[in-house]
Amino acid sequence: MLTNADIAEDGRTVELTWSGGKRSRFHAIWLRDNALDDKTRSSGNGQRLITILDIPADTRIGQATIERGDLRLRFLPEGKDVTFPSAWLRANAYDREMPVTAGWTGDAIRRWTKPTMQHTVPLVDYPAAARDPAVLAVWLAAVRTYGFAVMDGLPTESGALCNVVDLFGYIRETNYGRWFEVRAEVNPSNLAYTNLGLQAHTDNPYRDPVPTLQVLACIENTVDGGESSVVDGFAVAAALQAENPEGFRLLSSCPARFEYAGSSGVRLRSKRPMIELGPDGELIAIRFNNRSLAATTDVPFTDMAGYYAAYRRFAEMIEDPAFEVTFKLEPGQAFIVDNTRVMHARKAFSGTGKRWLQGCYADKDGLLSTLAAIEHGFKEAAE
């Protein structure tokens with residue numbers, strides 16, 4: 001609870017005192033920019049109705065009072081009065097002695113390895129998720145937290161994977177179509193239907209922006225082997241940083257180039273680092289796909305040997321079974337991966353039988369929006 005507000009620096013800042021003696025400072029320009037009144041922000045969607053240029057450059061605080069535990073300010077030279085709820089001020093305070101948790105994700109992400117995840121793979125039933133928002137929220141929250149999850153109980157028919165995406169958002173159509181076939185047969189007539197294993201990778205790193213979610217659904221699977229596997233790229237990147245800080249720096253600061261030119265009329269290229277960081281050091285994305293990696297030409301000559309050594313070590317760690325969680329998709333099951341974080345792979349298979357999967361892409365904004373809306377609804381119902 002707020003107990004006092006002192007104007008400082010000729011009105012350019014205000015220092016708040018909380019019960020217990022803790023203090024927080026705020027700048028007048030920051031408070032004016034983030035004012036919550038209906039002339040500054042839309043009451044319908046919360047978006048700003050003004051620009052930074054609408055705020056006087058010499059904005060200062062002329063009066064500060066505590067009213068019913070909240071902060072009431074008068075901004076000059078506008079003469080505008082605005083109330084700030086104390087709970088909002090506490091949640092958005094930036095005057096902290098300890099570093100702010102990196103990025104928006106904060107505590108939502110949990111890095112994992114095989115020992116922590118192999119026997120606790122997130123799994124829900126599709127009919128239950130489609131019927132009950134609480135079940136759907138558990139599944140979506142698992143994707144947010146761990147970067148992947150499995151869903152059971154889908155129809156074993158072509159296009160059923162679209163049902164999964166319909167639960168939270170929209171399919172991102174690409175040059176591969178709304179969805180694509182991952183069909184493989186032992187002794188195939190077409191070599192494209194191979195039974196070879198696939199290295200752990202992220203999909204479509206040659207796109208900018210990259211599809212942030214991928215769904216793979218199993219329609220038929222009667223082969224021996226062919227297990228799916230996932231690797232938490234954020235966990236591997238953190239391990240690389242701890243082991244080889246300079247190698248981590250090179251992979252996160254020097255861009256790699258990715259390209260795809262496998263179809264007529266399609267030429268896709270991107271230039272992004274294998275390990276992408278935000279300005280505060282937060283892990284933003286992993287791009288790792290040996291098949292799509294073009295010649296690396298953006299690393300200085302003096303750093304190229306170190307870059308390749310770091311690339312090799314990163315690949316070795318990705319292949320380390322300690323980071324890998326494996327499971328075999330059965331008909332009617334699908335799994336989703338955060339394509340900016342979790343790499344997926346396929347084990348080789350042999351013997352007789354068929355393996356038919358379908359894949360599609362979607363984006364995290366829809367998933368996170370649906371999850372936030374469900375969680376907000378639960379919160380309102382509890383109040």
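Figures for the structure shown
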quantity: Extension gain from L198 to K354, taking 0.36 nm per residue of separation minus the Cα-Cα distance; calculated: 54.5 nm
quantity: Theoretical ellipticity at 222 nm over the chain - DSSP helices of four or more residues, -39500 (n - 2.57) apiece, nearest 500; calculated: -7500 deg cm²/dmol
quantity: Order of exposure, largest accessible area first, which applies to Y146, Y311, Y361 with probe 1.4 Å; calculated: Y146, Y311, Y361
quantity: Residue of K39, K271, K364 that the Gaussian network model of the chain assigns the largest fluctuation, springs spanning Cα pairs under 10 Å; calculated: K39
quantity: Residue among N244, N204, N221 with the largest mean-square fluctuation in a Gaussian network model of the chain, springs linking Cα atoms under 10 Å; calculated: N244
quantity: 5 angstrom amide H check on R341, placed H, neighbours 5+ away; calculated: I286
quantity: Three-way shape call for the stretch 206-301 based on the alpha-carbon gyration tensor, with the a/c threshold at 1.5; calculated: oblate
quantity: Debye log10 I(q)/I(0) at q = 0.31 Å⁻¹ for the stretch 27-80, Cα point scatterers; calculated: -1.27
quantity: For the stretch 46-169: rounded, prolate or oblate by the Cα gyration tensor [a/c cutoff 1.5]; calculated: prolate
quantity: Partner lysines for K379 [C-alpha distance under 24 Å; skip if fewer than 8 residues away on the same chain]; calculated: K364
quantity: For the chain, the Rg and Dmax computed from alpha carbons only, in angstrom; calculated: 25.4, 81
quantity: Under the Karplus curve 6.51 cos²θ - 1.76 cosθ + 1.60, θ = phi - 60°, whole-Hz ³J(HN,Hα) for the stretch 8-25, x wherever Gly or Pro sits; calculated: 9, 6, 6, x, 7, 9, 9, 10, 9, 10, 9, 4, x, x, 5, 10, 9, 9
quantity: Partner lysines for K80 [C-alpha distance under 24 Å; skip if fewer than 8 residues away on the same chain]; calculated: K39
quantity: Directionally averaged shadow of the stretch 254-339, computed from the convex hull of its alpha-carbon atoms, nm²; calculated: 8.7
quantity: Cα gyration tensor category, rounded, prolate or oblate, for the stretch 260-308 with a/c compared to 1.5; calculated: oblate
quantity: Computed over the stretch 8-100: relative contact order in percent, which uses C-alpha pairs under 8 Å that are six or more apart; calculated: 24
quantity: Listed pairs K114/K328; K114/K271; K114/K347 exceeding 22 Å between Cα atoms; calculated: K114/K271
quantity: Rounded to whole Hz, the Karplus (6.51, -1.76, 1.60) HN-Hα couplings of the stretch 84-96, x for glycine and proline; calculated: 10, x, 4, 5, 5, 4, 5, 5, 10, 4, 10, 8, 10
quantity: The stretch 222-274 - Rg and Dmax from Cα coordinates, angstrom; calculated: 16.6, 46
quantity: Dipole magnitude of the chain about its Cα centre (Cβ charges: Lys, Arg +1; Asp, Glu -1), debye to nearest 20; calculated: 440
quantity: Selected from M274, M151, M304 as most flexible by GNM, with the chain as the system and alpha-carbon contacts under 10 Å; calculated: M304
quantity: From phi via Karplus (6.51, -1.76, 1.60), per-residue ³J(HN,Hα) for the stretch 303-312 in Hz, x at Gly/Pro; calculated: 9, 5, 4, x, 4, 5, 5, 5, 4, 4
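The values are calculated or read from the model by the stated rules, or taken from the named source; none is laboratory data. The model shown is predicted, which means the values in this text are computed figures rather than measured ones. When we count neighbours, we look across all protein chains shown, and the Cβ atoms used for this are built from the backbone with ideal geometry, even at glycine. Areas reflect the complete protein model, heavy atoms only, side chains present, ligands, DNA and RNA absent. Shrake-Rupley method; radii C 1.70, N 1.55, O 1.52, S 1.80 Å.
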